[in-house]
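The structure appears below as structure tokens.
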Amino acid sequence: MEIHFFCIFSFLTLALVASHAALTPEDYWNSVLPSTPMPKAISDLLQPEDLKDEKGTSVDVGKGGVNVDAGKGKPGGGTHVNVGGKGVGVDTGKPGKGTNVGVGKGGVSVNTGHKGKPVHVVVQPKGNPFQYNYAATENQLHDDPNVALFFLEKNLHPGTKMNLLFTKNSNEATFLPRQVAESIPFSSNKLPEILNTFSVKPRSVEADMMENTIKVCEKPGIKGEEVYCATSLESMVDFSTSKLGKNVQAISTEGGKETQMQKYTIVPGVKKMAGDKAVACHKQNYAYAVFYCHETNTTRAYLVPLVGDDGTKAKAVAICHTDTSAWNPKHLAFQVLKVKPGTVPVCHFLPEDHVVWTAN
């Protein structure tokens, strides 16, 4: 069996479905939102297609970690996953062919058992410009690619040119099924237990990253904003539909081919989404897919077509905030745009792995 994936937890999705006959996250979406297309930012985080036909998988989530056996009923065969105190490893049943995932101080290393160098991903924790009560650091003003995503609503029209780089979070962690996610602690006072579950060393880069995400999720939102961290696709669906109803659409930025920062031009076809109420969900750095979601009642959402100087076509989601009076005065947007809180609508494009929900 050949495996194409970068996150160990794809197996947990497979395991839960096979052993407990539960709905997959995708099936749950279709049952609750049969008329709502799934945006790419979400579909990219589902388990790989080539794992869906496996049989005979079992899962055990206990104090010693997580163990998955996808043996297909054949003794000694199939896929074995163990997440415990001694690291993370996958054995596909073929000697020397396994997929091994190691989480260490320098980042996340993935070796698929094929020739060549392993994929190495380094995730650095930093402030999130899509949380509006934080102050930007001096480094972010110069180094953060999200700086280019902020603009004024008056400039949202065909012909406007902007230097943009549409980014994705380098953490490619996928969704866990809700039953598995809810069995794992997610709180600051359980941090040692969480780190032990995922074999992450305390005070490592990964530990700091995970601790920062949890702390962000535990902070209250600004005035007029309800926040919620979705640790599964099912919980994201439930939160969003509880605020907007089930007649919704979910959209995400599609930046086209990967490019360097370049000049983009807004072309005709800008579409304003219905209503002034939205739920925006931003992917966080964590061991599995976690989204920081917040409901706001003073926003306008747009779908914006863009064309880069090199011909790259993109469809970007833009959010315009009509009331920024409660934002931190040192927020990145104000420093970039040279405006003050509460004076003019502030807009930003969303990275490719963020999702906006609006009512139809």
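The values are calculated or read from the model by the stated rules, or taken from the named source; none is laboratory data. All figures in this text were calculated on a predicted structure; none of them were measured in a lab. Because the Cβ atoms are built from the backbone with ideal geometry, glycine has one as well, and the counts that use them run over all protein chains shown. For the accessible areas, the whole protein counts, side chains as well, though only heavy atoms, and no ligand, DNA or RNA atoms are used. Shrake-Rupley method; radii C 1.70, N 1.55, O 1.52, S 1.80 Å.
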query: Hey, any idea what % of segment 139-359's accessible area is carbon plus sulfur with a 1.4 Å probe?
result: 49 percent
query: Hey, what's the Kirkwood Rh for segment 162-298 if you take every pair of different alpha carbons, in angstrom?
result: 17.2 Å
field: Residue-count net charge about residue 240 - beta-carbon cut-off 10 Å; Lys, Arg +1, Asp, Glu -1
entry: 0
statement: Expressed per residue, the solvent accessible area of segment 139-359 in Å² (1.4 Å probe) is about 42 Å²
query: Within a Cβ distance under 14 Å of residue 297, other residues only, what is the Lys/Arg minus Asp/Glu net charge?
result: -1
- request: Please work out the Cα center distance from segment 229-267 to segment 181-207, rounded to the nearest Å.
  value: 27 Å
- prompt: Once phi is turned into ³J(HN,Hα) by the Karplus curve 6.51 cos²θ - 1.76 cosθ + 1.60 with θ = phi - 60°, what whole-Hz value does each residue of segment 197-206 show in order, with x for glycine and proline?
  reply: 4, 9, 6, 9, 6, x, 6, 7, 4, 5
statement: Per-residue accessible area, 1.4 Å probe, largest first, puts 211, 225 in the order 211, 225
task: Using the structure shown, list the pairs from 246/277; 190/330; 263/313; 219/340; 215/283 with a Cα-Cα distance above 20 Å, or answer none.
output: 190/330; 219/340
- request: For residue 188, put the label point 7 Å out on the Cα→Cβ axis and report which residues of segment 198-219 keep their amide N under 13 Å from it.
  value: 211-219
